[in-house]
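Below you'll find the structure, written out as structure tokens, and then a few comments.
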Amino acid sequence: MREDIVRNYEAAKELYGKYDIDVDQALQALEHIKISIHCWQGDDVRGFLFQDQELSGGISVTGEYPGAARTPAELRQDLEKALSLIPGKHKVNLHAIYADTEEKVDLDELAPRHFQTWVDWAKQQGIGLDFNPTCFSHDKSKDGFTLSHPDPDIRRFWIDHCKAARKIGAYFGEQLGQTCVTNIWIPDGYKDVPVDRLAPRQRLKEALDDIFSEPLDPAIHLDAVESKLFGIGSEAYVVGSHEFYMGYGIQNNKLICLDAGHFHPTEGIAGKLSALSLFTEGILLHVSRPMRWDSDHVVTMDDELIEIGRELVRNGLLEKTFIGLDFFDGSINRVAAWVIGTRNTIKALLRAMLEPTEALRQAEHKGDYTTRLALLEEFKSYPFGAVWDYYCAKMGVPVREQWLEEVKAYEQQVLVQRGHLEAEPSAFGLNVGQ
């Protein structure tokens with residue numbers, strides 16, 4: 001390891017140590033945190049089952065940056081590159097449309113065998129897998145309804161798909177020895193104000209009861225349900241609202257998914273984590289970055305991400321929170337998007353671990369809000385970066401922006417070759433850092 005990295009780290013340890021912050025212990029804890037990296041950033045949410053199907057369900061990806069994965073093998077190759085630049089061992093989150101099979105199979109017919117190559121690859125990489133039924137971009141979801149559809153035959157199709165997804169998720173957990181979280185999100189809703197808000201929610205509740213009727217071993221599989229405030233095509237009413245799923249999840253002991261982009265554009269989710277933790281055994285957290293709506297921008301180190309990290313660390317919620325990412329951007333290098341978003345999420349947790357939480361808590365309990373504010377502000381300029389650099393070096397991944405050079409090289413060697421594009425350095429903004 002470079003001498004300057006070690007020297008800066010030791011100096012940082014001394015500063016943090018004045019407030020009894022054990023930096024070494026923080027890094028040991030960080031090493032065991034697994035982020036579930038979403039596969040759909042790599043190909044713009046197209047998947048491989050129905051590649052000619054238009055995106056639906058309020059999902060839109062903009063940009064035509066070269067190199068989107070066209071096959072499961074290419075997607076795994078890109079994920080490997082991203083994982084090699086991110087410190088720690090993590091998980092990959094799959095949607096059902098990413099099945100790796102030559103069979104002509106519909107969503108309700110999917111089985112573990114259609115994902116065997118993913119399981120074999122995950123074993124080789126030493127990572128876990130999470131899963132999601134894909135309740136969008138399908139002929140049977142064109143009118144905007146799936147599990148709450150008024151047609152019982154269409155509703156049965158989606159129920160059977162979600163049941164199949166749970167079995168696939170349980171297979172992942174069993175084979176990989178890591179609990180798989182299977183998360184259900186549906187786009188169901190109305191563009192304009194409905195007369196009957198209750199009936200679709202009654203149908204959704206009955207459908208979920210049917211889906212979850214078969215108990216699965218929680219050691220290998222956990223169910224989650226994900227809400228949304230509104231989306232494109234469901235601006236006025238979403239069947240699976242936050243209130244609906246919070247009630248259902250608490251009543252039926254399911255993980256409740258909080259997605260950073262699924263609430264009002266001015267509403268943060270950090271403060272919801274401690275409240276929800278009092279009533280649930282676990283939480284699924286989707287880290288995203290909304291911009292005026294649920295636009296799923298690449299996660300940056302913004303105030304909301306920092307607050308999410310603080311809420312998880314300060315309240316000891318890391319052991320009961322499953323952290324996943326959910327963003328997609330086709331206008332930039334897709335591998336770089338994974339690396340930026342995942343590294344930022346890990347950084348936010350480390351920053352929280354390096355705050356004088358106990359001193360802050362004591363000051364707050366005494367009513368000494370002056371000290372609380374002063375310490376919070378001063379610690380913003382403490383040498384967090386020196387600790388992060390050391391952690392990256394220790395974990396064998398590039399320090400600071402050095403990872404970008406590897407991504408640029410990979411882009412020229414692999415990504416621009418897809419679709420027979422010429423590797424022209426100036427064509428895609430490749431002069432950064434040159």
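The values are calculated or read from the model by the stated rules, or taken from the named source; none is laboratory data. Worth saying up front: this structure is predicted, and the values here are computed from it rather than measured. Every residue, glycine among them, receives a Cβ derived from its backbone with ideal geometry; neighbour counts consider all protein chains shown.
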>> Every residue in region 204-260 that is among the β-branched types (V, I, T), modelled with pLDDT of 95 or more and surrounded by fewer than 19 Cβ atoms within 10 Å (Cβ to Cβ), please.
In response: I220, I250
>> Of the conditions (1) surrounded by fewer than 21 Cβ atoms within 10 Å (Cβ to Cβ); (2) part of a loop (DSSP other than H, G, I, E, B); (3) modelled with pLDDT under 95, K140 satisfies every one except a single condition; which number is it?
In response: (2)
> Name the pairs whose Cβ atoms lie under 6 Å apart, with the first residue in region 239-257 and free of Cβ contacts under 8 Å to residues at least 24 places away in the same chain and more than 14 Å from L198 (Cα to Cα), the second crowded, with 23+ Cβ neighbours inside 10 Å and of a type in the set (F, W, Y), and 6 or more positions between them or separate chains?
Replying inline: none
>> Being touching a Phe, Trp or Tyr at 6+ places or on another chain (Cβ under 6 Å), farther than 24 Å from H264 by Cα, buried (at least 18 other Cβ atoms within 10 Å of the Cβ) and not acidic (D, E) narrows it down to one residue among G169, G128; which is it?
In response: G169
>> Among the residues of region 31-38, are any buried (at least 16 other Cβ atoms within 10 Å of the Cβ), farther than 18 Å from G324 by Cβ and among the polar types (S, T, N, Q)?
In response: no
>> Residues that are at pLDDT 95 or above and of a type in the set (V, I, T), at least 1 per element: which helices (runs of 4 or more DSSP H) completely within region 3-88 meet that?
In response: 3-17, 23-31
> For I340, all conditions in the list (1) in a helix (DSSP H, G or I); (2) modelled with pLDDT under 95 hold save one; what is the number of the exception?
Replying inline: (2)
> Among V407, V399, V387, which is at pLDDT 95 or above, part of a loop (DSSP other than H, G, I, E, B) and in contact with a helix residue (DSSP H, G or I) (Cβ under 6 Å, 6 or more places away or on another chain)?
Replying inline: V399
> touching a helix residue (DSSP H, G or I) at 6+ places or on another chain (Cβ under 6 Å), surrounded by fewer than 14 Cβ atoms within 10 Å (Cβ to Cβ) and part of a helix (DSSP H, G or I) - does that describe any residue in region 360-371?
Replying inline: yes
> Can you name the residue in region 263-291 that is over 27 Å from V339 (Cα atoms) and hydrophobic (A, V, I, L, M, F, W, C) and, of all such residues, is surrounded by the most Cβ atoms within 10 Å (Cβ to Cβ)?
Replying inline: L276
